Structure formats: structure tokens, C-alpha cells
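First up is the structure itself, then whatever we jot down about it.
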Amino acid sequence: MNPALFDTAAEADGLPRLNTRNLQIEASVLKKVPVRAVVRFRILPVAVKGETLLLATDHERSAGEIAELNVLMDRPIDWVLCGASELTQLISHFYGLGLDAYLRWMDQSSGEGSDALNGEPPGIRAFIDEILREAVAIQASDIHLEPTRDNLIARFRIDGVLHDIPLPQGIGAFRKAVVSSLKVMANLDLADRRLPQDGRFEKRMAGGQLDIRVSVLPTRDGETLALRLLNRSDTFLGLHELGLPEMQRQQLDRLIQRPHGLVLFTGPTGSGKTTSQYAVLDEANNRQRKIITLEDPVEYQIPGITQLQVQSGIGFTFAQGFRSVLRHDPDIILVGEIRDDETAGIAVSAALTGHLVLSTLHTNDSVSAATRLIDMGIEPYLVASSLEGVISQRLVRLLCPQCRRAHALDSGMQDEGLPHMPPLTAESRIWEAQGCPSCRFTGYRGRVALFEILELSDALRSLVAKRVASPRLYQVALEQGMIPLRSAGWHQVLQGRTTLGELLRTTSDISPRRAGMSAVSS
């Protein structure tokens, strides 16, 4: 509900509005209301003031409900109004995800622990579905279910960071049942608890068709599960949606229009390289150029592009596929990753013989890509001749606009920023995360990419051919106007889109300082 409309509704009901920003509720207060009453009446105990219990609700209560609750609580009750979706999130946060399904499961199984049950306990699928629904709603990429000696721990990877997800109290008694049910869904061997297993299943949910990859590992305390969630209904971003500044957008446009050469995307796993590659392919996709991709796996279908799935198990590797692709007269070739010397050699050869080759490489910054190719056995003069550009990137989490908080820069923060930004003032502000139901108490919602784009100039090609070290290459690139990752990130920090902590977590200190430069202006 719109905040203004919600405030109007609160006034009409004569109830104060609950401030959910960074809300803390003591455990002793939560125990004042039976768990089943929380689910049945959709209420949340917020505080105790003297003898009065303050309860949050999302609608006006009838006289009968109030009378029943007064008898059940055996104390005076005051009310505070909360949005329906906020209340749902608060109940999950303080009492555990899937509480309603868990209680129904307990009723159906008469409260017996899963260790005493043969087969799948009734109601367990509803509990697992609730976990999957929440993961999809919050756009988690992975679910980790980890057993301990007497409990089950759940963690979601949200925007690249793992977060503990509360589960209902007592779920530990059913931990084996949860694992067994997921193994059944993924067509895995229930009897084998000694060896790792991998499987998959599909699930139709409100957000679309979900492809779920399941990996099971045997541990001392039981089998631990990792679920990778792939929503087949998602669409990839267009180039205009990547959030590139105008200068970097022009650089990328120039690289895409190259008739031949090697363009590399670098960064750690999970930095958004595949998303950027698909955006580039979509931009380059026209009837004048034939595009073929070699991927593992093919994540999005793009009409008009020939996409091949690498299958190493039968010998169809990147290197073998590359050779076959070259016989189909492509203009643009995308290779999911340069993993070995053989693939690197073929990619460079194709780039030198009239093809535009796109691929990924694991390096920490843009200039290190040239050094990495040389380390893989490619002659320096071939790297200098074939490499056209490198796009290095990172993903930083965006602050939740509902609960972020501003504060002034202290001297240490200003010192951190000065080498990478124009001078900051005492009035400059940065923002920090808080946490609220809108962001599932993470303080963040979504991510944005930071880019560092290197275009190979004649001066840089000459240095690459001479095997000059990366710091010197970086210095020359900066002198020629390249925007480093941390400089791009500082703009996001000062605009209030992310935090200084996020920037420091995802980017390394840039090479100007490493190369002996005192300052860089973007």
C-alpha cells in the first residue's frame, strides 16, 4: 500500500502505525502469544508496557476477536496497525519461514519427528513450497539447507551474499524428512547417504517456471543441500538497462562494432559477466551478421542466434566446439569461458582471421587479461594484435530506499575517496543500510554493475607486445581516460545508491596507488 494511503487508513481506524524500520522485538515478548494464535489471528506481539500487551494487526478487529484474545492473553491489549505484506514478513522473520505450513504438517503427522517416520511425512511438500516461494519472491539465487546435530539451518544467497533465514522452532526434529523429500523431488537415491549426489527438478510457481539444481553432500551431521534456482521466465537485460555512463556506453558500442578481434569480460564468479554478454549479443543481433555461441549452460534463448550447449561428458568441449563453429562462417562467436591454453589459442587465432570473438576470463582487473593470456602460452605479439578490449565488472548491492540512512563523511572516508574522485566537501553525505520488511531485513534490494572498460590503443599494444607488467599498463590506461572500478563505485556511493562497505567489499584498491600515482580524476 502507498505510505500516504496507509497513514490515512491508520488514522481512520484510530490506530497508530507501526514503525517497522530496524524493528527489534525481545524474545520474552514473542513468547507472550502462542505460536498457533499468531498464525490463526495474524497478529504479532510488539512490546509489553506495564501489564498491557501491544499487538500488531493488518486490519480492524471485530469485537468477538478482541474478546477472545483478551481471554487468551489474560491481560489488556493495545493495537498498532501494520501493512499486510509487512506483517507477513515480520511473522516469518521472528517466528520462522513457513510457520503456517509447518504447524499444519505437525498436526497431520501428530507431532512425530521425521526420524521415526517411513516415507514422506504428510504436509512436508507445503513447507518446502513455502521456502521456494519466499526464495523466488526475494530473488534469491541459491538456497542452502544445512543440518546440525539437532537442528536445520537455512540460508539464502541474496544479491550475492548469504543471509540466515529463520525456520520454525522444532524443525530440527524433521531435518531428515526435509532432505529426503527434496531428494525424492530431484530423483536422487534415498538410500545412499555416503556419496555426493546431483539432480534437478522443475517447479511451476507464480513467478514462472523454476528450474532447480540440487546438490547433496554427506557431512558429519547429515546431508547438506544446495539448491540453485533458475527462473526460466526471466528475461535478460538490454544494453541500455546495464546502467553504463555515457562514456562507457560509447566505448562498448565501439567494441561491438569491431569487424574482428577479441573482447573479454572479466571478473569473479557471480559478477554479472554473462548478463553483460547477453546484452551485447542482443545489441549486435541483426540479419547482417551471423552469431554463434558456445555456452555451459545456455541460460537464455535469443531468437536469430545459433546457441550450442557444451557437453564435456561426451567430448564436446569449448575447444572442440570452437573448431566446428569456425566452419559455419560466423561473424561473431561467443565462447562462454576461456578455460585452458587450447581454447585461448583458438580464440586468438579466430580473432586474427576476421571474427569478433567474445569470451570471459577470470582476472581481477581489465589490464591483467593481457598478462593472463600471455601466461596461458599466447605469444605477446599475438595478444597485442588480437585483443581489442576488456570489460571488467563487479556487482554491488543497492540500498533499500525505504530504510536507508544518511550520515556525514568522516576524515577517513574522505581520504578513501580522494584518490578516486574529484574533491569531496564536508557537506558530502553517504548512506548506510538499516533493514525493514520491504527488503526482508537485509537493508538492500537489487544490484547494479560497476564497469571498467579498457580499449587497446597503439601505445598499450606496444607495451603488451613488450610484456610490460600490469601496473604500468594500468597507469597508461588511466592516463588515456579509463574509469577504474572503484571510481565508478564512488559515484554510486555519493548518489546514495550503495554503501561504502559494499564498494570496499567488491572492489580492490585501484592501481594508481599501486603504480605510484597520487590521484586520479574520473
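The values are calculated or read from the model by the stated rules, or taken from the named source; none is laboratory data. Everything numeric here is computed off the predicted structure, so don't read it as measured data. Neighbour counts are summed over all protein chains in view; Cβ atoms, including those assigned to glycine, are modelled from backbone coordinates with ideal geometry. In case anyone asks, the SASA skips ligands and DNA or RNA and just uses the protein heavy atoms, side chains included. Shrake-Rupley method; radii C 1.70, N 1.55, O 1.52, S 1.80 Å.
Structure notes:
- Count of the range 292-308 residues which are modelled with pLDDT under 90 and either polar (S, T, N, Q) or open to solvent by less than 30 Å² (accessible area, probe 1.4 Å) (or both): 4
- The listed residue being of a type outside the set (Asp, Glu), open to solvent by 70 Å² or more (accessible area, probe 1.4 Å), touching a residue at least 24 places away in the same chain (Cβ under 8 Å) and assigned to a loop (DSSP other than H, G, I, E, B), out of ARG228, ARG193: ARG193
- Scanning the range 1-39 for residues that are at pLDDT 90 or above, open to solvent by 80 Å² or more (accessible area, probe 1.4 Å) and assigned to a loop (DSSP other than H, G, I, E, B) yields a count of 3.
- Among the residues of the range 51-67, those that are over 10 Å from ASP78 (Cβ atoms) and surrounded by 11 or more Cβ atoms within 10 Å (Cβ to Cβ) comprise ALA56, THR57, ASP58, HIS59, GLU60, ARG61, GLU65, ILE66, ALA67.
- Some residue of the range 332-347 being at pLDDT 85 or above, open to solvent by 80 Å² or more (accessible area, probe 1.4 Å) and closer than 23 Å to GLN393 by Cα: yes
- Count of residues meeting criterion [in a helix (DSSP H, G or I), open to solvent by 60 Å² or more (accessible area, probe 1.4 Å) and touching a helix residue (DSSP H, G or I) at 6+ places or on another chain (Cβ under 9 Å)] in the range 68-87: 3
- For the range 473-482, the condition of being part of a helix (DSSP H, G or I), out of contact with any strand residue (DSSP E or B) (no Cβ under 8 Å at 6 or more places or on another chain) and touching a residue at least 60 places away in the same chain (Cβ under 8 Å) holds for at least one residue.
- Filtered residues of the range 338-360 (kept if hydrophobic (A, V, I, L, M, F, W, C) and within 14 Å of ILE378 (Cα to Cα)): ILE338, ALA344, ILE346, ALA347, VAL348, ALA350, ALA351, LEU352
Table: residues versus (1) at positive phi; (2) buried (at least 17 other Cβ atoms within 10 Å of the Cβ); (3) not hydroxyl-bearing (Ser, Thr, Tyr).
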site: GLU130; (1), (2), (3): no, yes, yes
site: ASN151; (1), (2), (3): no, no, yes
site: GLN169; (1), (2), (3): no, no, yes
site: SER181; (1), (2), (3): no, yes, no
site: LEU188; (1), (2), (3): no, yes, yes
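- Residue identified as touching a residue at least 40 places away in the same chain (Cβ under 8 Å) and out of contact with any Phe, Trp or Tyr (no Cβ under 7 Å at 6 or more places or on another chain) among GLU299, GLU246, GLU241: GLU299
- Candidates ARG155, ARG213: the one that is within 23 Å of ARG445 (Cβ to Cβ), of a type in the set (D, E, K, R), part of a strand (DSSP E or B) and within 19 Å of the chain's Cα centre (by Cα) is ARG155.
- Looking at LEU244, LEU162, LEU152, just one residue is of a type in the set (A, V, I, L, M, F, W, C), out of contact with any Ser or Thr (no Cβ under 9 Å at 6 or more places or on another chain) and within 30 Å of GLY481 (Cα to Cα), and that residue is LEU244.
Yes/no matrix, rows are residues, columns are (1) closer than 20 Å to HIS491 by Cβ; (2) open to solvent by 70 Å² or more (accessible area, probe 1.4 Å); (3) in a helix (DSSP H, G or I):
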position: LEU244; (1), (2), (3): yes, no, no
position: MET247; (1), (2), (3): yes, yes, yes
position: ARG258; (1), (2), (3): no, no, no
position: LEU262; (1), (2), (3): no, no, no
position: THR274; (1), (2), (3): no, no, yes
position: TYR278; (1), (2), (3): no, no, yes
position: GLU283; (1), (2), (3): no, yes, yes
